[in-house]
Amino acid sequence: MNVKTVDIEVFSSSVCNRCQRASLMVSALLEEQAFDTITWREINVVEEIDYAVAHAVLSTPTIVIGGTQRFTTLPSEQKLRDAIQDYMSHVRSGNE
Amino acid sequence: MNSYAIGEVSRLLTMSVDTLRYYEKIGLLPKVSRKESGIRCYSDKDISRLKFIKRAQKMNFTLAEIGDLLKMREDPQNARNEVRQLTLNKLKEVEVRVTELDTLRGELALLVNLCTANKEGCPIIEIIDKDGLPKTV
């Protein structure tokens, strides 16, 4: 079964401590679950402000999963895990 | 129906009395009714029309264009084809402007939120530093 790549985007800014924690959490979570189809990246909203505005980002950290804004503040690890699993299950059901 | 003296309309819409008289003179506003003494009495419909003129001017439409748009506004079903086309073109311009303003609003809102949230630095300053300040003459 081909599982669609999940793109996770963490919108952050340079002087935001919660942003670093959000990125670390995403990174660790993906490693732990070994979803090798999932890619993620961190986006500095100051450097890519046009991209951030196009995604309606109004604060940092904002976490976008599969193109949908899921969190506009630092989530708990469990909530982030649930959101990723929820998205993955949607992708899987779409591929079946 | 309400009735307004020219001074009231001037204050209400922040338009000068001379401008109000001028719009009437060039036909942007139909002849305003008058009291027996000759004093102008503006109706709610006149006020609505003046507000439309003001909004259109803010969008940089010329007075001639506004005149055509007002004809369309008055009688949309029977407007001439060229007036319909002009209105359609202006609608497209307004939509482009709205999109641009919406993007600008998002950008400013993000920057303000970042500045408010961060005590150590302000991204607005970072962006100005990166792009440089506008040159002054």
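Kindly provide the set of residues from the stretch B:69-86 that are within 21 Å of residue B:48 (Cα to Cα) and either surrounded by fewer than 18 Cβ atoms within 10 Å (Cβ to Cβ) or out of contact with any Asp or Glu (no Cβ under 8 Å at 6 or more places or on another chain) (or both), ordered by number.
Once the filter is applied, which keeps residues that are within 21 Å of residue B:48 (Cα to Cα) and either surrounded by fewer than 18 Cβ atoms within 10 Å (Cβ to Cβ) or out of contact with any Asp or Glu (no Cβ under 8 Å at 6 or more places or on another chain) (or both), the stretch B:69-86 yields B:69, B:70, B:71, B:72, B:73, B:74, B:75, B:76, B:77, B:78, B:79, B:84.
From the residues in the stretch A:39-50 that are more than 9 Å from chain B (Cβ to nearest Cβ) and loosely packed, with under 14 Cβ neighbours inside 10 Å, which one is nearest to residue A:72 (Cα to Cα)?
Looking at the filtered set, the residue picked out is A:41.
Conditions (1) touching a Cys at 6+ places or on another chain (Cβ under 8 Å); (2) away from chain A (no Cβ under 14 Å); (3) closer than 17 Å to residue A:48 by Cβ; (4) modelled with pLDDT under 90, marked per residue:
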{"residue": "B:102", "(1), (2), (3), (4)": "no, no, no, no"}
{"residue": "B:107", "(1), (2), (3), (4)": "no, no, yes, no"}
{"residue": "B:112", "(1), (2), (3), (4)": "no, no, no, yes"}
{"residue": "B:117", "(1), (2), (3), (4)": "yes, no, no, yes"}
{"residue": "B:123", "(1), (2), (3), (4)": "yes, no, yes, yes"}
{"residue": "B:126", "(1), (2), (3), (4)": "no, no, yes, yes"}
{"residue": "B:129", "(1), (2), (3), (4)": "no, no, yes, yes"}
{"residue": "B:133", "(1), (2), (3), (4)": "no, yes, no, yes"}
{"residue": "B:136", "(1), (2), (3), (4)": "no, yes, no, yes"}
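Take residue B:90 and tell me if it is touching a residue at least 12 places away in the same chain (Cβ under 8 Å) and either at positive phi or of a type in the set (D, E, K, R) (or both).
When the stated conditions are applied, residue B:90 passes them.
Name the single residue that is modelled with the lowest pLDDT among those in the stretch B:60-93 being of a type in the set (A, V, I, L, M, F, W, C) and more than 19 Å from residue B:29 (Cα to Cα).
Among those that are of a type in the set (A, V, I, L, M, F, W, C) and more than 19 Å from residue B:29 (Cα to Cα), it is B:86.
On the basis of being out of contact with any helix residue (DSSP H, G or I) (no Cβ under 9 Å at 6 or more places or on another chain) and outside any helix (DSSP H, G or I), does residue B:27 make the cut?
No: the conditions fail for residue B:27.
In the stretch B:2-54, which residue that is on the phi > 0 side of the Ramachandran plot and modelled with pLDDT under 95 is surrounded by the most Cβ atoms within 10 Å (Cβ to Cβ)?
B:27
Scan the stretch A:53-62 and give yes if some residue there is touching a residue at least 60 places away in the same chain (Cβ under 8 Å), closer than 26 Å to residue B:106 by Cα and small (Gly, Ala, Ser), otherwise no.
no
Check whether at least one residue in the stretch A:11-18 is over 29 Å from residue B:102 (Cβ atoms), surrounded by fewer than 17 Cβ atoms within 10 Å (Cβ to Cβ) and either away from chain B (no Cβ under 14 Å) or of a type outside the set (A, V, I, L, M) (or both), and report yes or no.
Yes, the stretch A:11-18 has at least one match.
Please enumerate the residues belonging to the stretch B:30-65 that are part of a loop (DSSP other than H, G, I, E, B) and within 16 Å of the chain's Cα centre (by Cα).
B:59, B:60, B:61, B:62 - these are the residues of the stretch B:30-65 that are part of a loop (DSSP other than H, G, I, E, B) and within 16 Å of the chain's Cα centre (by Cα).
The values are calculated or read from the model by the stated rules, or taken from the named source; none is laboratory data. Because the structure is a prediction, the values reported are computed rather than measured. When we count neighbours, we look across all protein chains shown, and the Cβ atoms used for this are built from the backbone with ideal geometry, even at glycine.
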